1. Are there any pairs, at least 6 apart or on different chains, whose C-beta atoms fall under 8 Å, with the first in the range 221-241 and outside the structural domain of Gly147 (by TED's automatic domain parsing) and under 16 Å from Glu142 (Cβ atoms) and the second of a type in the set (Phe, Trp, Tyr) and not in a strand (DSSP E or B), and if so, which?
2. Taking the residues in the range 230-241 that are at pLDDT 90 or above and not in a strand (DSSP E or B) as candidates, determine which candidate is farthest from the chain's Cα centre (by Cα).
3. Do any strands (runs of 3 or more DSSP E) lying entirely in the range 41-83 carry at least 1 residues that are crowded, with 23+ Cβ neighbours inside 10 Å and free of Cβ contacts under 8 Å to residues at least 60 places away in the same chain, and which ones are they?
4. Does Thr103 satisfy being closer than 23 Å to Met50 by Cα, in a strand (DSSP E or B) and of a type in the set (S, T, N, Q)?
5. Go through Gly159, Gly99, Gly90, Gly104 for me and flag whichever is more than 19 Å from the chain's Cα centre (by Cα) and at pLDDT 95 or above.
6. Going through the range 167-199 one residue at a time, which ones are over 13 Å from the mean Cα position of the chain (by Cα), surrounded by fewer than 18 Cβ atoms within 10 Å (Cβ to Cβ) and small (Gly, Ala, Ser)?
7. Could you pull out the residue among Thr152, Thr172, Thr180 that is of a type in the set (S, T, N, Q) and touching a Lys or Arg at 6+ places or on another chain (Cβ under 7 Å)?
8. Name the single residue that is surrounded by the most Cβ atoms within 10 Å (Cβ to Cβ) among those in the range 132-156 being outside any strand (DSSP E or B) and among the aliphatic types (A, V, I, L, M).
Amino acid sequence: MKKFLMLLMMISLMALPLAACGGGSSSGGDGEAAEADPLLGVYNSVAGEMMGVTLTGDDISGFSVELKEGGKAVLSVEGSSSSGTYTMDGENITLSVEGEELTGTVANDVMVFDDFMGMGLKLTMAKEGSDAANANYASEEEQAIVGSWKSTAVTDVLGNDVSGEIAADACTAEFGEDKTGTIKVGDQTYGPYPFVSMSGMFVFDTEEEDDPSILWSYDDDGLEITYSPNGEGYTFHMEKQ
C-alpha cells in the first residue's frame, strides 16, 4: 500500500522538482533558535489518509518539513529535499517551495495538511522530540480491534443464520498494534499479514492470490469479519477474548 501511495506522490512531484540540498535535522544556530521559538524544528509524517485509505507508522513515513530561523523551510520526500520559505497566520502555515504553495495548520507540535500538494492526501506530521511524535495516530477502530477475537455467530449476506453450513465459532482472529493480523477459519489460517483501513473497512495488504476475500469492520455493534471462499459469503460476529 505504501508503494501505491508513493507512486501517486511521485507522479504529483513531477511538477515540483526536489533537489538534494542536505535538508536534514537542525543543528548549531538553528538548534539554539528552536529553543527560543518552539515552532522551529523537524516535523515528520505520522499519519495519512487518501482515497479512503488510512496509513500510519512505516506506511506513511518518508515525508518531513523543517522550519528554520528567518522563515526558511525544507521539504523532504523520501530523502529528496528542496528549500523554501514559510509564513504563519495564527495557526495557519503556508509553505512556498519551488513556486508551489502548501497550506496547513500547526498547533501543539502537530502539522496538518488537509490536501498535501493538491493530491487529496491528508497528511499529519509531528515534531521530532515532542510528545506528539510518540502519540498513537491509529484510528479509533484500529486501536479497538487490537487483541484476540472469537466468533459467536455466523450469518449470510442477508443476515440469515447459516450455522448449519459453518460453525458459529469457526473463526478466530488476532490483531496487533503493528497493524498485522491473523485470521483462522476452521483449519485454514490466513496471515500474519499487514492490514489497512479502506473507507471504514479493513483488508489485508497482501498479494496472495489464492486467499479468499477477507475483510472486516468495527463499529458500535462490534467486530464483524466477512469471509468469502468459492463465491460463498459468511459474516462472523466476533467477541473479544
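The values are calculated or read from the model by the stated rules, or taken from the named source; none is laboratory data. Predicted model only: the values in this text are computed from it and were never measured. Heads up, the Cβs are rebuilt from the backbone with ideal geometry, glycines too, and the neighbour counts pull from every protein chain shown.
1. none
2. Gly233
3. 63-68, 72-77
4. yes
5. Selected residue: Gly90, the only one of Gly159, Gly99, Gly90, Gly104 that is more than 19 Å from the chain's Cα centre (by Cα) and at pLDDT 95 or above.
6. Result: Ala167, Ala168, Gly176, Gly186.
7. Exactly one residue qualifies, and that residue is Thr172.
8. Applying the first criterion (outside any strand (DSSP E or B)) to the range 132-156 yields 132-146, 156.
Remaining after also requiring among the aliphatic types (A, V, I, L, M): 132-133, 135, 138, 144-146.
On the way: Ala132: 19, Ala133: 16, Ala135: 14, Ala138: 18, Ala144: 15, Ile145: 24, Val146: 15.
The residue in question is Ile145.
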